[in-house]
Ligand SMILES: Cc1cc2nc3c(=O)[nH]c(=O)nc-3n(C[C@H](O)[C@H](O)[C@H](O)COP(=O)(O)O)c2cc1C
């Protein structure tokens, strides 16, 4: 199974299944000496874990992050960071009865067709549990971003057809649906409880925003920032759509409405746009405005309502799913979405830092060293050629150089080489001819 690795510089590999002893993540590419707040990792995991409220799966997982390597005395060592998260509250028996049934909306049928084998105990790699590893890695990415003044936050924007009307960021963690509008949150909670009572589930929309994201992140062709963000967010189970800025609504707008008008912000000393329909990205590259994106989350497939399907032998079967499931995944996807966006932004930021570092003094010094080496090699090549001429001709070589002197001074003058340097070089060259 490939595709467990994510990122170019800040590289993340997650491993483990929902009903194995552990899940976890290895993070490679973090510079040494970066302070990491371990409690910060735990706080993020707490936001994702099940059992936080009546609106999510009651599975009791502490999701305690065990740091196995890469962090020493609160700082990164520059070696791979390995984080393990134990799976404690497994009840594989919940899934035993349905192990031969193709559960609608689940990944079991496609896993079976692809691999010929499927770990029926709760989704295996396809389980939402895998996202705990992403949240742990994302927590580290978020800390690196925070150290650079960049902040990422997400919230529930819509559940079923109930949309938020106001955005108060201080409200997000105060309600179990993680909505920034307390009035809409109350309606959303009611809607989820009603669906739950009927043995059903609900979907919704999550909005993710990145504050203080610098201009210049993203590559112009295949790794456009929005393309990488879409990939990251669409890789989360149950996410069915992605949009950046005005997204799908842009298709109904006129150019005159959609175009974000530029102005020069004297205080910030940079170009800005008066509106942000593009969502902070132009040509795949961030423009310094806030990044705004949304994802659509499907209603979870594990519902207790009676459903119909077929078993592996093709026999039609009526069944009900037991076990502990989320009636709406949105509140738990909020920290996962933040983590995935953090992984993309830190990766592009580190790539960009490599480019901008190349314009710094160390890079220029290294370029001088390269040129010096090239000069030495060229001088050697010149000496070899002179030797070659001497072997073939009796005429004194310096007369030829003498003829060249006019040409030499003309050339050095055209490129404005200081006359003193031109003289010294010409003297050396004629001396060794
Ligand atoms: C945090 C999290 C929790 C999830 N919990 C459930 C759940 O309780 N029941 C369920 O049917 N799907 C749940 N899912 C979604 C499934 O993982 C997902 O629908 C399944 O793997 C099929 O993938 P797809 O929906 O992307 O096609 C959860 C996903 C996440 C990210």
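Of the set (1) in a loop (DSSP other than H, G, I, E, B); (2) in contact (Cβ under 8 Å) with a residue 40 or more places away in the chain; (3) away from the ligand (no atom under 16 Å from the Cβ), all apply to residue 82 but (1).
Residues satisfying the criterion are absent from the stretch 112-134 (criterion: away from the ligand (no atom under 13 Å from the Cβ), in the same structural domain as residue 40 (by TED's automatic domain parsing), at pLDDT 95 or above and on the phi > 0 side of the Ramachandran plot). When every residue of the stretch 91-111 is checked against the conditions, at least one turns out to be loosely packed, with under 14 Cβ neighbours inside 10 Å, at pLDDT 90 or above and part of a helix (DSSP H, G or I). The criterion of at least 1 residues that are crowded, with 20+ Cβ neighbours inside 10 Å and either within 16 Å of the ligand (Cβ to nearest atom) or modelled with pLDDT under 95 (or both) is met, among strands (runs of 3 or more DSSP E) falling completely within the stretch 252-333, by 291-297.
In the condition set (1) more than 16 Å from the ligand (Cβ to nearest atom); (2) buried (at least 18 other Cβ atoms within 10 Å of the Cβ); (3) more than 24 Å from residue 169 (Cβ to Cβ), residue 210 is compliant with all but (3). Scanning the stretch 68-85 for residues that are under 30 Å from residue 57 (Cα atoms) and exposed (fewer than 15 other Cβ atoms within 10 Å of the Cβ) gives a single hit, 68.
Just one of the listed residues (164, 172, 140, 150) is buried (at least 19 other Cβ atoms within 10 Å of the Cβ) and within 30 Å of residue 305 (Cα to Cα), and it is 164. Close Cβ contacts (under 6 Å, 6 or more residues apart or on different chains) running from residues in the stretch 261-279 that are at positive phi to residues that are surrounded by 12 or more Cβ atoms within 10 Å (Cβ to Cβ) and outside any strand (DSSP E or B) comprise 279/245.
If I filter the stretch 334-344 for residues that are within 25 Å of the chain's Cα centre (by Cα), more than 30 Å from residue 192 (Cα to Cα) and surrounded by 13 or more Cβ atoms within 10 Å (Cβ to Cβ), do I get at least one hit? Yes - at least one qualifying residue is present in the stretch 334-344.
Residues checked against (1) in a loop (DSSP other than H, G, I, E, B); (2) at pLDDT below 90:
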{"position": "9", "(1), (2)": "yes, no"}
{"position": "13", "(1), (2)": "no, no"}
{"position": "20", "(1), (2)": "yes, yes"}
{"position": "27", "(1), (2)": "no, no"}
{"position": "31", "(1), (2)": "yes, no"}
{"position": "41", "(1), (2)": "no, no"}
{"position": "44", "(1), (2)": "no, no"}
{"position": "52", "(1), (2)": "yes, yes"}
{"position": "55", "(1), (2)": "yes, yes"}
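The values are calculated or read from the model by the stated rules, or taken from the named source; none is laboratory data. Computed from a predicted structure; not experimentally measured. Here Cβ is always computed from backbone atoms with ideal geometry, including for glycine, and neighbour counts include all displayed protein chains.
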